[in-house]
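First comes the structure, then the notes that go with it.
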Amino acid sequence: MRKLLSNPLVLIGFIIIASVLLLAVIAPLVAPYDPDAIDVKAILLSPSSIHLMGTDGLGRDVFSRMLYGARISLMVGFVAVGIATAIGIVLGAIAGFYRGWVDTLIMRIVDVMLSIPTFFLILAVIAFLTPSIWNIMIVIGLTSWMGVTRLVRAEFLSLRNREFVLAAQALGAKDVRLIFTHLLPNSLTPIIVSSILGIASAVLVESGLSFLGLGVQAPQASWGNILTDGKEYIQFAWWLSLFPGLAILITVLGYNLLGDGLREAYNPRSSQH
Amino acid sequence: MMQIKHNQLVKLGFIKLAIIALFAPFMIAACSDSSSSNQINNKIDYTKNYPPSNGGTLIDAMTGEPSSLIAMIAGESAASAIAGNIFNSLLKYDKNLELTGELVESWDVSSDQKTITFHLKTNLKWADNQPLTSDDVLFTWQKVTDEKTRTPYGSDFKLVTKAETPDANTFRVTYAAPYAPALDTWAGLHILPKHLLKDQDINTTAFARNPVGSHYYKLEKWKNGQFLKLTRNENATQGQAKIDNLLSRIIPDKAAQFLELSADNIDSMGLNPIQYARIFPARPDLNKNIALYKELGNSYTYLGFNLKRKPFDDIRVRQAINYAINKQEIIDGVLLGLGEPVASPYKPGTRWSNPDLKPYPYDPNKARALLKAAGYEDHDGDGILDKDGKPFTFEILTNQNKEREMTGVLIQRRLNEIGIKANIRVLEWASFLGRFIKPKEFDVVVLGWSLSLDPDQYSIWHSSQQAPGQFNFISYSNPRVDKLLEAGRLELNPDKRMKIYHEFSKILLEDSPIVFLSAGYGLTAIHKRVRGISNPAPPAGIGHNTYEWYIPSAYARNEMSEH
């Protein structure tokens with residue numbers, strides 16, 4: 001861990017993510033206003049000591065909305081990646097462990113899924129479902145498991161014939177035991193790295209969907225829909241576009257720094273001494 | 001000019017573009033401001049007076065491109081806006097919204113009120129020098145009522161049982177029963193030239209992109225996705241317009257239109273409330289060159305209940321929700337004060353609008369009392385009203401329209417205060433209509449109605465108009481309203497008709513099948529080089545006399561640079 005954090009980029013990424021998470025968790029304590037409190041007499045006020053990030057078109061405090069929006073954006077990231085990782089581990093493990101026609105079948109499904117542009121697939125699915133935060137998490141999860149599947153399969157293929165696995169098998173260990181106690185723990189690192197990078201892209205997808213009006217629905221705040229609201233006022237209410245844009249940028253950057261740093265640190269070719 | 005402009009734009013705007021694109025990819029068009037022409041024009045003094053003169057080009061912007069210039073086929077507003085400068089109707093509305101002749105000198109209504117005889121002006125000509133006669137009118141009527149013509153406007157004209165042309169200047173129609181909106185329908189039908197269309201399929205004819213009309217202008221050039229250029233018709237039936245050319249540029253994004261206006265690349269555009277109330281006051285450089293016009297628009301926003309669903313079949317629930325909504329707050333917050341409350345489906349201040357009616361005041365206590373009378377109370381103490389163990393919660397549906405969405409949020413909050421939990425769902429227009437409105441799969445909608453000038457609203461409120469795809473999708477059914485709407489169609493006397501519709505509006509307000517929310521102002525910006533505009537606008541709006549608008553030659557653009 002210490003070695004990890006000695007890399008300045010990882011440290012920055014870690015600090016960014018930790019503080020965003022902290023702010024999201026304690027949002028109700030720090031938020032100066034109710035994020036949905038409308039005040040038509042205080043429309044589009046510029047940032048000041050009363051409203052740190054100004055107010056939006058309905059007089060709502062942007063800072064409070066950003067804090068609550070962080071909860072939504074991050075929750076979408078975690079849950080979606082959780083779903084994707086779970087599916088990816090199961091399918092990747094089956095494919096990599098059993099090989100043969102099961103492997104071929106699963107990998108062809110992966111190829112088919114990868115051949116469809118994910119964002120448009122999500123758009124099409126969301127257009128048929130009610131756009132809600134839960135649907136978005138599920139849909140993002142169900143359309144982004146392919147990378148993890150490939151990763152897990154590749155790890156399993158390479159670990160499958162290693163001595164410790166063959167030894168366990170020779171001792172009579174069942175498939176389930178082999179997979180969960182011998183193979184999976186040894187492939188965790190790449191899974192974690194890809195999950196962290198996956199969160200970054202899930203945050204971006206959620207922002208994109210909300211920006212197009214198909215994501216989190218009003219009046220609930222998410223960074224994406226604060227940004228959309230701001231689009232109309234960009235010529236004179238810059239704070240409505242700047243803050244959510246920056247928040248998305250910094251958070252995604254944070255996850256990427258952390259993920260890349262982890263990958264570097266645990267790369268077997270660079271760290272096996 | 002467009003070519004050169006484009007290159008400049010790339011250079012000047014690049015740094016700005018890079019910054020903006022980071023946060024709002026949709027604003028890419030934003031880089032076209034600060035062109036050099038702006039600087040030059042800032043030095044021109046637009047306060048001098050000049051007498052009316054001919055010449056010049058008026059450039060405006062429109063968000064959509066017409067699909068065809070035959071209005072009965074196209075059906076969209078972009079098409080009627082352009083086609084209205086090319087084609088004439090038999091009748092028109094004058095600046096006070098009274099019917100008057102356009103192609104006709106006069107018209108008579110028979111004593112049984114079933115037959116209307118139109119007397120055409122003499123020596124009318126099409127732009128291609130062919131005579132315009134009653135034969136053309138008959139031909140147009142045949143086309144609009146032809147089953148093979150794909151038009152949504154046929155039903156009014158199918159009520160005509162007999163159409164005849166006793167001579168070249170007379171056109172006579174007979175209805176089975178008196179039909180009061182008849183004259184209004186003839187004021188909306190563009191007369192088409194028979195000699196060019198008689199052997200053509202009107203749905204697919206090339207005439208739709210190369211029309212020959214009889215009004216002030218004729219189409220000179222149509223460049224797909226870019227502009228339509230109209231030029232003065234020397235054979236115009238209504239005299240000569242002062243401005244030589246009308247150029248309509250197609251710019252889908254309002255923000256991009258605004259930047260074109262600031263850069264003096266267009267002369268006029270419709271503004272949204274933010275541009276009007278927030279951006280303009282902060283830009284003295286724009287105010288120097290551009291005049292703003294404000295007039296009450298022809299539409300209103302409403303909250304409509306699905307009357308087939310419980311509990312919206314209960315008048316007390318509908319009235320309670322009406323009392324619970326603060327309409328002034330919506331006008332202030334969403335329209336930035338640029339609108340008026342409405343209490344009837346007629347434009348305030350017109351003959352048909354009943355001046356005695358007032359919107360439901362904001363009164364949450366009365367709303368609570370009405371809901372209590374309807375059986376809704378908070379029995380389980382969770383802050384949400386309930387009845388028979390079920391909480392009072394429903395979904396507010398609207399389409400992707402920022403103003404309607406904000407309206408929904410304001411309503412949601414007010415309803416929440418009296419213990420009703422409403423969720424908002426915003427949908428794209430096609431699926432909104434197809435999956436929710438047509439099969440009537442909704443609780444409550446926030447939508448708008450545009451108003452015609454005739455008071456007949458049979459298709460919106462009559463109980464017979466509830467089939468999928470018809471306009472009474474809220475399933476409103478009231479025998480008294482049905483009777484009044486039927487009577488209103490048969491009554492040709494304007495004063496008696498007015499009484500009928502005033503009574504109808506009164507019942508409608510009390511019944512509250514919809515909550516009237518607001519009527520927004522139409523906001524227009526026009527460059528000060530354009531003169532002859534009536535301000536304040538008469539009832540028909542500032543556009544009523546565009547043919548009298550003029551651009552003094554001292555202010556004209558450099559015509560050489562146009563293309």
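Brief remarks on what is shown
- Any pair with Cβ under 7 angstrom, 6 or more apart, that starts in the stretch B:437-466 at a residue that is at positive phi and ends at one that is at pLDDT 90 or above and surrounded by fewer than 20 Cβ atoms within 10 Å (Cβ to Cβ): B:Lys440/B:Lys308; B:Lys440/B:Ser475
- Verdict on A:Glu155 being within 11 Å of chain B (Cβ to nearest Cβ) and open to solvent by 20 Å² or more (accessible area, probe 1.4 Å): no
- Selection count, the stretch B:526-548, where residues are open to solvent by less than 20 Å² (accessible area, probe 1.4 Å) and more than 17 Å from the chain's Cα centre (by Cα): 5
Table: residues versus (1) more than 21 Å from B:Ile474 (Cα to Cα); (2) touching a helix residue (DSSP H, G or I) at 6+ places or on another chain (Cβ under 8 Å); (3) buried (at least 17 other Cβ atoms within 10 Å of the Cβ).
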{"site": "B:Leu397", "(1), (2), (3)": "no, yes, yes"}
{"site": "B:Met406", "(1), (2), (3)": "yes, yes, yes"}
{"site": "B:Val409", "(1), (2), (3)": "yes, no, yes"}
{"site": "B:Gln412", "(1), (2), (3)": "no, no, yes"}
{"site": "B:Ile418", "(1), (2), (3)": "yes, yes, yes"}
{"site": "B:Ala422", "(1), (2), (3)": "no, yes, yes"}
{"site": "B:Leu427", "(1), (2), (3)": "no, yes, yes"}
{"site": "B:Ala430", "(1), (2), (3)": "no, no, no"}
{"site": "B:Leu433", "(1), (2), (3)": "no, no, no"}
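- Residues considered: A:Ile87, A:Ile109. Of these, the only one that is assigned to a helix (DSSP H, G or I), among the aliphatic types (A, V, I, L, M) and loosely packed, with under 15 Cβ neighbours inside 10 Å is A:Ile109.
- Residue in the stretch A:1-12 that is open to solvent by 40 Å² or more (accessible area, probe 1.4 Å), under 30 Å from A:Glu155 (Cα atoms), in contact (Cβ under 8 Å) with a residue 24 or more places away in the chain and outside any helix (DSSP H, G or I) present: yes
- Condition check for A:Phe128: open to solvent by less than 20 Å² (accessible area, probe 1.4 Å) and over 23 Å from A:Ile199 (Cα atoms): no
- Strands (runs of 3 or more DSSP E) wholly inside the stretch B:358-474 containing at least 2 residues that are within 14 Å of chain A (Cβ to nearest Cβ): B:393-399, B:421-427
- Contact annotation: residue pairs with Cβ atoms under 7 Å, 6 or more positions apart or on different chains, pairing a residue in the stretch A:93-115 that is under 20 Å from A:Pro190 (Cα atoms) with a partner that is open to solvent by 70 Å² or more (accessible area, probe 1.4 Å), are A:Val110/A:Arg150.
- Looking only at residues of the stretch B:290-318 that are open to solvent by 60 Å² or more (accessible area, probe 1.4 Å) and not in a helix (DSSP H, G or I), we find that the one that is nearest to the other protein chains (Cβ to nearest Cβ) is B:Arg309.
- Taking the criterion of being open to solvent by 10 Å² or more (accessible area, probe 1.4 Å) and in a strand (DSSP E or B), the residues of the stretch B:257-289 that qualify are B:Ser268, B:Gly270, B:Leu271.
- Single match in B:Glu329, B:Glu340 (criterion: acidic (Asp, Glu), within 24 Å of B:Gly448 (Cβ to Cβ) and away from every other protein chain (no Cβ under 14 Å)): B:Glu340
- Condition check for A:Leu249: within 9 Å of chain B (Cβ to nearest Cβ), over 25 Å from B:Ile396 (Cβ atoms) and under 17 Å from the mean Cα position of the chain (by Cα): yes
- No other residue among B:Gly297, B:Gly304 is within 24 Å of B:Phe471 (Cβ to Cβ) and at pLDDT 95 or above apart from B:Gly304.
- A:Val148 meets all of the listed conditions (1) more than 20 Å from A:Val102 (Cα to Cα); (2) β-branched (Val, Ile, Thr); (3) assigned to a helix (DSSP H, G or I) but one, namely (1).
- Condition broken by A:Val165, with the remaining ones in (1) in contact with a His (Cβ under 7 Å, 6 or more places away or on another chain); (2) within 14 Å of chain B (Cβ to nearest Cβ) satisfied: (2)
- Counted residues, the stretch A:52-67 - those being open to solvent by 20 Å² or more (accessible area, probe 1.4 Å) and assigned to a loop (DSSP other than H, G, I, E, B): 2
- Unique match (being polar (S, T, N, Q) and more than 14 Å from chain A (Cβ to nearest Cβ)) among B:Asn287, B:Asn272: B:Asn287
- Search result, residues across the stretch A:213-237 that are at the interface with chain B (Cβ under 9 Å from one of its Cβ atoms) and open to solvent by 40 Å² or more (accessible area, probe 1.4 Å): A:Lys231, A:Glu232, A:Gln235, A:Phe236
- Only residues that are buried (at least 21 other Cβ atoms within 10 Å of the Cβ) and among the β-branched types (Val, Ile, Thr) were counted across the stretch B:111-132, and they come to 1.
- For the stretch A:34-52, filtering for residues that are within 14 Å of chain B (Cβ to nearest Cβ) and either within 31 Å of the chain's Cα centre (by Cα) or in contact (Cβ under 8 Å) with a residue 24 or more places away in the chain (or both) leaves 7.
- Matching option when the condition is buried (at least 16 other Cβ atoms within 10 Å of the Cβ) and among the small types (Gly, Ala, Ser), among B:Gly469, B:Gly488: B:Gly488
- Criterion: among the small types (Gly, Ala, Ser) and at pLDDT below 90 - qualifying residue of B:Gly419, B:Gly434, B:Gly408, B:Gly375: B:Gly434
- Residue check, A:Leu123 farther than 30 Å from A:Leu184 by Cα and touching a Leu at 6+ places or on another chain (Cβ under 7 Å): yes
- Check on A:Ala173, away from chain B (no Cβ under 13 Å), touching a helix residue (DSSP H, G or I) at 6+ places or on another chain (Cβ under 8 Å), without any contact (Cβ under 8 Å) to a residue 24 or more places away in the chain and not polar (S, T, N, Q): yes
The values are calculated or read from the model by the stated rules, or taken from the named source; none is laboratory data. Predicted model only: the values in this text are computed from it and were never measured. Glycine gets a Cβ as well: all are built from the backbone with ideal geometry, and neighbour counts include every protein chain shown. What goes into the accessible areas is simple: the full protein's heavy atoms, side chains included, and nothing from ligands, DNA or RNA. Shrake-Rupley method; radii C 1.70, N 1.55, O 1.52, S 1.80 Å.
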